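First the structure, in the form of structure tokens, and then the observations on it.
The values are calculated or read from the model by the stated rules, or taken from the named source; none is laboratory data. Quantities reported herein were computed from a predicted structural model and do not represent experimental measurements. FYI the Cβ positions are ideal-geometry reconstructions off the backbone, even for glycines, and counts take in every protein chain you see.
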């Protein structure tokens, strides 16, 4: 559990004074390489998720475990790979920076909090706590009846958040492990994983369509996009089902 120390809530802000600028700077993101494992408790005793973030320069890895399901997402030099565990092994879908529809620009090292810079927040310093044997500086943000507490390491890594909503629901996001020891091996795909080059399949399809009637690929690609969107809507992050659905789109 997180341990608390002295509180300091005398300097508040709803705009641009010292606390606001300090918090905004903290939210620019972490510095240096690190690994942090969070437990996310949604307060109902059942919905507990574990998420691990790895960061090393231009490499990011995010592991999510929920209800016994594990998904690993990698962003390495612009190449995106999502691996889902199927039984005792992993199946991975990958797309390189040169492939069409690469979503690399959408995968960032971010956290699911509201924008703390938004006008109307009341901000204050809120002492320090000890999380995973690290001292974290804390801030409190209130907006209407919603109250949030954010606590960061010296490297601007989020170690703890607590949100109390207007309805009284409580969500706690707490680091259970935190380390700055990250190696290149942390960004290797799971051993023995089956890797499907999604970008290559899309390119092959585009080439096939280009050799079709009149060489007109526009209608075919639009139809493919609609088919893929249907797969995404139906199967979400179920990699095995997605692979089969994408295959049916490829005909």
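Scanning the range 175-190 for residues that are part of a helix (DSSP H, G or I) and surrounded by 13 or more Cβ atoms within 10 Å (Cβ to Cβ) gives 186, 187. Every listed requirement among (1) closer than 30 Å to residue 86 by Cβ; (2) surrounded by 12 or more Cβ atoms within 10 Å (Cβ to Cβ); (3) at pLDDT below 80 is met by residue 251 save one, (2). For residue 142, the conditions (1) at pLDDT 90 or above; (2) outside the structural domain of residue 195 (by TED's automatic domain parsing) all hold with the exception of (1).
Here's the yes/no breakdown for (1) more than 17 Å from the chain's Cα centre (by Cα); (2) on the phi > 0 side of the Ramachandran plot:
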{"site": "143", "(1), (2)": "yes, no"}
{"site": "153", "(1), (2)": "yes, no"}
{"site": "160", "(1), (2)": "no, no"}
{"site": "165", "(1), (2)": "yes, no"}
{"site": "168", "(1), (2)": "yes, yes"}
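Candidates 40, 36, 19: the one that is part of a strand (DSSP E or B), within 20 Å of residue 135 (Cβ to Cβ) and at pLDDT 65 or above is 36.
Of everything in the range 159-174 that is touching a strand residue (DSSP E or B) at 6+ places or on another chain (Cβ under 6 Å) and in contact (Cβ under 8 Å) with a residue 60 or more places away in the chain, the residue that is surrounded by the fewest Cβ atoms within 10 Å (Cβ to Cβ) is 170.
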